[in-house]
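Trainee: Dropping a structure here in structure tokens format, bear with me for questions.
None of the figures in this text is laboratory data; all of them are computed from the coordinates on show. These numbers come from a predicted model, not from an experiment. Reconstructed Cβ throughout: ideal geometry from the backbone, glycine too, with neighbour counts over all protein chains shown.
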Amino acid sequence: MTIGYILSRTRSNPAKMPILRQALLPVPPKFTGESARANETQRQINADVLRFVFIVVLAPLQQVA
């Protein structure tokens, strides 16, 4: 299983067909360079979103384990 993006050379390789994508990760916006405070706020938002995505995607695996 993978979380995220699968390179086309891996995705198209018959030997690696058992790979199962569980989720596409959100791509955060680029930093605008306006201010360090705005960048830090955006970094925190990005981290919170990614943490939530992992919780949602991996929750079914906790039930199995």
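Trainee: What distance in nm separates the two pseudo spin-label positions at residue 42 and residue 61, each 7 Å out from Cα along the beta-carbon direction?
Mentor: 2.9
Trainee: Here is a further query. Quickly rank 40-46, 56-62, 30-36 as a protection proxy: mean count of other C-beta atoms within 10 Å, highest first.
Mentor: Averaged packing, sorted descending, gives the order 40-46, 56-62, 30-36.
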